[in-house]
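This report refers to the structure that appears directly beneath it.
The values are calculated or read from the model by the stated rules, or taken from the named source; none is laboratory data. Small disclaimer: the values here were computed from a predicted structure and weren't measured. Cβ atoms come from the backbone with ideal geometry, glycine included; neighbour counts cover every protein chain shown.
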Amino acid sequence: MAIVTSQQLNQYFEKYKNTDVTFNKEVIKSFGLLPKSVFIKHRTGHIPCVIYSSSMTSAKVLANLDEKSIQEINEQGNNVSLRYSFVNRDKNDPMNFFVPGRVLGINKYKDNPNLFFLNIQFTQRPPNDLVLILGTTLDAVSSASQRKEERIQINAENQRILNLSSKNTTIFIEQIPRNAILRDLSFSGAKVIVLGNAKFLVNKHFQLNIPIKEDDSITIPGQILRHEDVEGRQDICALALLFEADNVPIKYKIQLNNYFQNLKRK
């Protein structure tokens, strides 16, 4: 993740403090959330829970509650702390922290008699770790919308900034793998070089692997828009790719947003 200053953290907080992030499967994986280590702490114990969504000022969680637990929370003025737990990629130990808050509402979840939605309003600004995690994600989503057509040429310097392990990759076209070279990337698509005359591949569906250092490759699906000849070469061609907007991983958006943030600092 890009280096972030105190000023940037404050900007993230002021800009995105009330914006909710839904903790779906992709978000949980991208954040490195450790769901089994998340719980609500109150004065007399703790309750395992699942984070449904979170902003920098509140969270919605799902938890199994009995009458005794609800009574204990009420008797304590609805004051609780929500424990977050994330993988710490720089250390072996996880990153854990508590955010104090107050339960504003406890509502049954569908027809399950013991499963409840808890709406927790934070009573103080959360630790910088949470501001960074949520702020980086929300800023990347905003950047993806505003800069979706801006192209990043994959040269040696940009490859380093983007943290790509290589510009050589694999594209699966109709599930058939082909070797490819990344030529440029954007939030909305990419251009790759492949062997042969590939005019017949236009409009076909693909999955493109983006090789990231020290991580699994990011896979993005989409459709081939057009075929382009490469000047002076008969043995290779370029394919212009359009990503499926709803299936561009958050991790990829963060990688590209970090690149643009890096340009701003120069």
### Query
Among the residues of the range 142-157, is there at least one that is closer than 30 Å to Y12 by Cβ, among the charged types (D, E, K, R) and in contact with an Asp or Glu (Cβ under 7 Å, 6 or more places away or on another chain)?
yes
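What residue, of N179, N247, is over 25 Å from the mean Cα position of the chain (by Cα), within 24 Å of N163 (Cβ to Cβ) and surrounded by 12 or more Cβ atoms within 10 Å (Cβ to Cβ)? Before you say what the answer is, go through the steps one by one.
Details: N247 fails: over 25 Å from the mean Cα position of the chain (by Cα).
Just one listed residue meets the conditions, N179.
Among S186, S143, which is under 13 Å from F243 (Cα atoms), among the hydroxyl-bearing types (S, T, Y) and touching a residue at least 60 places away in the same chain (Cβ under 8 Å)? Please lay out each step first, then the result.
Values: S143 fails: under 13 Å from F243 (Cα atoms).
It is S186.
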### Summary
Residue set G105, G45, G77; condition out of contact with any Phe, Trp or Tyr (no Cβ under 6 Å at 6 or more places or on another chain) and free of Cβ contacts under 8 Å to residues at least 24 places away in the same chain; output residue G105
### Task
Considering only the range 159-196, state which residues are of a type outside the set (S, T, N, Q), in contact with a helix residue (DSSP H, G or I) (Cβ under 8 Å, 6 or more places away or on another chain) and outside any strand (DSSP E or B).
I161, L162, K167, F187
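Out of the range 226-266, which residues are small (G, A, S) and part of a strand (DSSP E or B)?
So the first thing to find is which residues in the range 226-266 are small (G, A, S), and the list is 232, 238, 240, 245.
Residues satisfying the conditions are A238, A240.
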### Test: I212 is under 30 Å from Q7 (Cβ atoms), of a type in the set (A, V, I, L, M) and in contact (Cβ under 8 Å) with a residue 40 or more places away in the chain
yes
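With the structure loaded, tell me whether K199 is assigned by TED's automatic domain parsing to the domain that holds N247, farther than 18 Å from P249 by Cβ, modelled with pLDDT under 90 and of a type in the set (D, E, K, R) or whether it fails that test. Reasoning before the result, please.
On the way: assigned by TED's automatic domain parsing to the domain that holds N247: yes; farther than 18 Å from P249 by Cβ: yes; modelled with pLDDT under 90: yes; of a type in the set (D, E, K, R): yes.
Here the answer is yes, as K199 does meet what is asked.
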### Message
Can you pull out every residue in the range 1-46 that is among the small types (G, A, S) and either surrounded by 14 or more Cβ atoms within 10 Å (Cβ to Cβ) or touching a helix residue (DSSP H, G or I) at 6+ places or on another chain (Cβ under 6 Å) (or both)?
### Response
A2, S30, G32
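Can you tell me which residue among F97, F86 is within 29 Å of L185 (Cβ to Cβ), at pLDDT 95 or above and of a type in the set (A, V, I, L, M, F, W, C)? Step through it out loud before you land on a result.
Values: F97 fails: within 29 Å of L185 (Cβ to Cβ).
Residue meeting the stated conditions: F86.
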### Message
Which numbered condition in (1) among the basic types (K, R); (2) over 23 Å from V27 (Cβ atoms); (3) touching a helix residue (DSSP H, G or I) at 6+ places or on another chain (Cβ under 8 Å) is the only one that K253 fails?
### Response
(2)
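Would you check which residues across the range 227-266 are over 30 Å from G196 (Cα atoms) and touching a residue at least 12 places away in the same chain (Cβ under 8 Å) and list them?
I250, K251, K253, I254, Q255, N257, N258, Y259, F260, Q261, N262
Name the single residue that is nearest to N119 (Cα to Cα) among those in the range 87-103 being not polar (S, T, N, Q) and not in a loop (DSSP other than H, G, I, E, B). Full working, then the answer.
So the first thing to find is which residues in the range 87-103 are not polar (S, T, N, Q), and the list is 87, 89-91, 93-95, 97-103.
When the remaining residues are screened for being not in a loop (DSSP other than H, G, I, E, B), the result is 95, 97-103.
On the way: M95: 23, F97: 19, F98: 16, V99: 14, P100: 13, G101: 10, R102: 8, V103: 6 Å.
Only one residue fits best here, namely V103.
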